[in-house]
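Please read the structure below before turning to the comments.
Just so you know, all these numbers are worked out from the coordinates, no wet-lab data involved. What you are looking at is a predicted structure, and each value in this text was computed from that prediction instead of being measured. No Cβ is skipped: glycine too gets one built from the backbone with ideal geometry, and neighbour counts run over all protein chains shown.
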Amino acid sequence: MMAELKLRSKDPDSLRRIIQSTLSERLQSVNAGIQRTEERLQEFETKYQLSTVEFIRSFNNDELSHNFDFDEWIGESKMLAHLQQTKEAIEEVDFVN
């Protein structure tokens, strides 16, 4: 179920354009962040010859000794999930009359 948000404005068309433009800019920023994060994850995957999924499983099972790269790898993985959720939320916005 989708919630509906109502806004009041003396100039609704202008407000709509502003919101659409802001969402578009935010989506571009999020997409750029996703690309950078995916590139960083790929660097770790190449360096350690593990997929991120395999790494997290092994890390959570205490199969890997601590390494500062691993802290960053986990952080990048969490960041990617957050960015993907943000992207989905923006893309789900539908303007109704």
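May I ask which residue of 81, 44, 31 lies farthest towards the positive end of the charge dipole of the stretch 29-91, with charges of +1 (Lys, Arg) and -1 (Asp, Glu) on Cβ and the Cα centre as origin?
The listed residue farthest towards the positive side: 31.
Going by how many other Cβ atoms sit within 10 Å of their own, how do 30, 96 line up, fewest first?
Ordered by Cβ neighbours within 10 Å, fewest first: 96, 30.
Using a Gaussian network model of the chain with C-alpha springs under 10 Å, which one of 47, 87, 78 is most mobile by mean-square fluctuation?
Greatest mean-square fluctuation among the candidates belongs to 47.
Pick from 46, 86, 37: which residue has the top mean-square fluctuation in a GNM of the chain where Cα pairs under 10 Å get a spring?
Of the options given, 46 has the highest mean-square fluctuation.
Counting residues in the stretch 29-91 as N, plug N into 2.2 N^0.38 Å and put the Cα Rg over that result.
Compactness ratio reported: 1.17.
Can you give the longest stretch of the chain with no exposed loop site, where a site means GluC sites (Glu not before Pro) in a DSSP loop (not H, G, I, E or B) with at most 14 other C-beta atoms within 10 Å?
Answer - 5-62.
Any lysines with Cα under 27 Å of the residue 87 Cα? List them, leaving off those in the same chain fewer than 8 positions away.
Those lysines meeting the cut-off are 6, 78.
Tell me, 2, 79 in order of fewest to most beta-carbon neighbours within 10 Å? It would help to have the intermediate numbers written out before the result.
Values: 2 8, 79 16.
The fewest-first ordering by Cβ neighbours comes to 2, 79.
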